[in-house]
Structure formats: structure tokens, C-alpha cells
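Encoded as C-alpha cells, the structure appears first; notes follow it.
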Amino acid sequence: MNTALITPESGEGPPGLYIHIPFCRSKCGYCAFTSYPCLDAPPADYLAAVEREAARMAASPWAQARQFATLFIGGGTPTIYEAEELAGMLRTLRSSFVFVDQAEITVEANPNTVTPEKLATLRAAGVNRLSLGVQSFSDRLLTAIGRSHTQAEAMAAIQAARAAGFDNLNLDLIYGLPGQTLADLRESLVIALECFPEHLALYELMVEPGTPLARGVEEGRITLPDDDRMAEMESMAQELLAARGYQRYEIANYARPGYECRHNLNYWHNGSYVGLGASSVSCLSGLRLKSVADPAHYASLVEAGEAPYTEAEALGLEARFRESVIMGLRLLEGVSLPRLAARFGLTPQAYYGTTLERLVERGLLVFSGDFMRLSDQALPVAHQVLAELV
Ligand code: SF4
């Protein structure tokens, strides 16, 4: 096929902007994210570096040609900074980049780093979506994974968020915790549902190499629920959430109608995005850039006027096609076949051949209308299925 006229960008929606704040109060036992424990105030020069990088990136022809639909300040724990510091950065970002009307602006927060005043300041600064890292409403389980907050702090943070005017609230929960029973998970979900969040993310606990959790599991000190129990938890959660009006729209994400996370939808549609901050990743129409992980190194490079990247890669058309398939299959609706054809001039059937045929024969992949999606049976083993399409 002649791909000379294929332009993947023509099928992209507007890009998103992500800011990484790599500091937390303490390090959770399972965490493999780039985040550093910060007992004192987090460094002000880091936010200054982000703002400086934002100005440089916003002046690029690529960014100048685009309006951004979402801004996501994640971490780490962004709310480890004072609200005024975050609001100041937000002002700079909003004056540097052009955003669409009604852009989705999310800040991630941990329950013990917010106060009613801090949340009110963020809301007044234009943040219209709050994502709270609750993880569990059981103090026993929170302690087991090294979280630094309590159930009471989570409830207080949710109440404060509502009082501050947040009407788009996500709660992050994790299942598969050490010693967690089906009843434990049900109890956390029921408490979460009583708070009526617009969005719920329910992640499976991953055992990441090199973490205290991984060492505990290897040494037999920590026991995790087995595969059967995990499958029971997943199916119980899906049933409970569906009965309460939450649609599962991605493997780990549930939303009330109209509250799907627009920022993450852009990732799953394999759209473009700018990432600013240590260890952040940008994907600018197929040019992938990764920043250095160390925040002090990042800040010093930006301060010196140098690009803070540690990796740069121009992705070819086929690599972007494969990524679009794999990311799109995370969505319950699946990946749009006409959109793949328009962006890449390729079809999954022709590209993957017998590999795809076998997945269909095994009942793991389904074609339905204009979409190819994972079957219900494939959802609990999605990682294995997607690995066959990498
Ligand atoms: S709060 Fe999140 S980013 Fe920070 S250490 Fe815990 S899991 Fe990692």
C-alpha cells in the first residue's frame, strides 16, 4: 500500500498537556513511579523549571499550531506543593499554551496533603477535576502497602473537595492488596459509592521489581490474593459498579455517563501530548521525547537553557499503528477500524495475520461493527492478550 499520503495526525484529536511532580511525603511500598520522598518543603526551583520548559515548548511551531484539550498535573503528589505555588504554575501554563474552551484541568492529590483552603484555591485557579489517591478505605490495608494517610483523612478530603466546588471527582482504588479479602474490597467500594464520585479508577496491584513489596513477596513475608481471588474481585467490582450506574470504559476505569477522563482517553486513542517535568514523556505526532528522571538534574538542564531529554525517538508508521491497536484495545468499546485505516492505511487483519486469527478463534478478540475489542473473557487476562500484539 502506498502510505505517502497517510497522515496519522489528521486522525488525532487535540493534544493534552501533562506535568509531572516527582515528590511525595513518603515512598509507598509498591511504588515504581518516579517520585522522591520529601520531608521538607519540595523545591521551588523545580516548578520554576517546569514553567521555563513550558514557555520553551509552547513557543515551538508544533505547539503553536495546536489547541490543548486537557491539562493533567500528576505525580508523585502535586499537592505536596502549596496551593498558591500550583496556582501560579497553572497561570503560567494557561498563558503559555492555547487551550480549548472548557478544557479539562485535573490535579492529582493524596488525602493527607489537602486542606479545604488548598482545594478552594485550586478550584478558584481553574482546576475542574480532582483525582484523589484513596487506594482503600481500610486502615489495615493502607498500612500494609505503606500509604501515609488514613480512611478518616480520605473521607475528610472528599468532603473538602465537594465543599470547594469540585463536581468532577475521581477516586483511585487498588485491589489485590496483601491480605485483602473479597469483603474488604466490597466494603471499600461501598464506601466509595456512598461518596458518589463521578469517576472511579480501580487498579490491580502490580508487583514491581525492586520495590519493598516485591522483596516481601519473594521472601514469603507478604502474601497476595491468588489469581482466582483476583478474578472474583474484578468481577464483583464490575457488577457492583455497573449496578450503581458506572460504566466500565477502560480496563481499570469506570465513570458515570459523561465523566470519562478526557486526558486519558487521548492516551488510549494514541493522540499527541506534551509532558513537562522530570521523567515525563511527550509524543508529538510520532516524535517521542523522554526527560531525565532526576528532578535536580532536570531543573539544572532547563535552567541552563538545554533540552532536558534523555531519549528521543521518531516512531515509524507501523510502530504507531501497533501502539494505537494496543492502547485502543484497553477501551471497552475497542479500537476503531475506520480510524486506524484513515490514520495508517493499515488494517489489524492484514497486519497481524494468523496471530490475530488465533486470538479471534480463542474467543479473546471480537469484531463488532466498526470496532475490534477484547472479549469479556479476555479482560481479566488483557495484559497477556495485548502482549501478543506488541
Ligand atoms: S503516593 Fe503515589 S507516587 Fe507517591 S510514593 Fe505513593 S504510590 Fe508512589
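Leaving ligands and nucleic acids out of the surface, order Phe344, Phe33 by accessible area at 1.4 Å, largest first. Can you show the working numbers first?
Working: Phe344 0, Phe33 135 Å².
If we order Phe344, Phe33 from most to least accessible, we get Phe33, Phe344.
Would you mind calculating the gained length between Ala296 and Gln384 on full extension (0.36 nm times residue separation, minus the Cα-Cα distance), in nm to one decimal? Before the final figure, lay out the partial values.
Numbers: separation 88, 0.36 × 88 = 31.68 nm, distance 3.73 nm.
Gain in length upon complete extension: 27.9 nm.
Output ³J(HN,Hα) for the range 350-357: one whole-Hz value per residue in order, computed from phi by the Karplus curve 6.51 cos²θ - 1.76 cosθ + 1.60 with θ = phi - 60°, and x for Gly and Pro.
Each residue of the range 350-357 in turn: 6, 6, 8, x, 5, 4, 5, 4 Hz.
Using 0.36 nm per residue, how much length does the chain from Arg56 to Glu219 gain when fully extended, once their Cα-Cα distance is taken away? Can you show the working numbers first?
Details: separation 163, 0.36 × 163 = 58.68 nm, distance 4.79 nm.
Answer, rounded to one decimal: 53.9 nm.
Place the peptides 79-91, 58-70 in order of packing, highest mean first, counting for every residue the other Cβ atoms within 10 Å and averaging per peptide.
Numbers: 79-91: 19.1, 58-70: 15.8.
Packing proxy ranking, top to bottom: 79-91, 58-70.
Taking every DSSP beta bridge with both residues inside the range 12-268, roughly what % is antiparallel (nearest 5)? The partial results should precede the final answer.
Working: 6 of 34 bridges.
So the antiparallel bridges in the range 12-268 amount to around 20 percent.
Within a Cβ distance under 10 Å of Leu365, other residues only, what is the Lys/Arg minus Asp/Glu net charge?
Working: positive: Arg358, Arg362, Arg373; negative: Glu357, Glu361, Glu388.
Here the count lands on 0.
With +1 assigned to the C-beta of every Lys and Arg and -1 to the C-beta of every Asp and Glu, and no other charges, what is the dipole magnitude of the range 317-387 about the Cα centre in debye, to the nearest 20?
On the way: 8 positive and 7 negative charges, 32 e Å.
Computed about the Cα centre, the dipole is about 160 debye.
What residues qualify as long-range amide H neighbours of Thr310, i.e. H under 5 Å apart, gap of 5 or more or another chain, H built at 1.01 Å from N?
Those qualifying (amide H under 5 Å, at least 5 residues apart or on another chain) are Lys290, Ser291, Val292.
The values are calculated or read from the model by the stated rules, or taken from the named source; none is laboratory data. Because the structure is predicted, anything quoted here is derived from the model rather than measured. When we count neighbours, we look across all protein chains shown, and the Cβ atoms used for this are built from the backbone with ideal geometry, even at glycine. What goes into the accessible areas is simple: the full protein's heavy atoms, side chains included, and nothing from ligands, DNA or RNA. Shrake-Rupley method; radii C 1.70, N 1.55, O 1.52, S 1.80 Å.
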